[in-house]
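Data block below; observations after.
The values are calculated or read from the model by the stated rules, or taken from the named source; none is laboratory data. Since the structure is predicted, the reported quantities are computational estimates derived from the model, not experimental observations. Positions of Cβ are generated from backbone atoms using ideal geometry, with glycine treated the same way; all protein chains shown enter the neighbour counts. Protein only, heavy atoms only, side chains kept; ligands, DNA and RNA dropped before computing areas. Shrake-Rupley method; radii C 1.70, N 1.55, O 1.52, S 1.80 Å.
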Amino acid sequence: QVQLVESGGGLVQPGGSLRLSCAASGSIFSIYAMGWYRQAPGKQRELVAAITSGGSTNYADSVKGRFTISRDNAKNTVYLQMNSLKPEDTAVYYCTFDLIATMGDPRLEVWGQGTLVTVSS
């Protein structure tokens, strides 16, 4: 069974930086897209950034120019570098992988457990 484990969340002051990581473990045949979502208190979960297997990226307008998504295919890991953080970036951040666990199986969307990012002075 594939599991995603996130790390790197925490408390940071406005203007600061954090780097989130999300590593997959278990049986993995192929990983397609990887992404980060976030959910702030009282709000719906929203896409923050995504990256395809070919390296194409897309970002929410609210984070363009501040956040960078990247992936290390050898390590089955996706990263989210967050700079110039704002209080409105405070949320639980979730990673997600679009993958095939075993050859011949259907594609799955697997989610991490979430990591809290708090931006506050």
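Taking all protein chains in place and a 1.4 Å probe, what share, in percent, of the accessible surface of the chain do carbon and sulfur account for?
Details: 3090 of 6370 Å².
Carbon-and-sulfur percentage of accessible area, whole number: 48.
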**Message:** What distance in nm lies between label points placed 7 Å from Cα along the C-beta direction at Thr68 and Gln81?
**Reply:** 0.2 nm
**Message:** Taking the solvent-accessible surface of protein heavy atoms with a 1.4 Å probe, what is the per residue accessible area of the chain in Å²?
**Reply:** 53 Å²
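Counting Lys and Arg as +1 and Asp and Glu as -1, each charge on the Cβ, what is the dipole of the chain about the Cα centre in debye, to the nearest 20?
Numbers: 10 positive and 9 negative charges, 44 e Å.
Computed about the Cα centre, the dipole is about 220 debye.
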**Complete:** Output row, site Gln13, 7 Å Cα→C-beta label point, backbone N cut-off 15 Å, window segment 86-106, residues 86-87
**Message:** Can you give the longest run of the chain that contains no trypsin sites (Lys or Arg not before Pro) sitting in a DSSP loop with at most 15 other Cβ atoms inside 10 Å?
**Reply:** 1-42
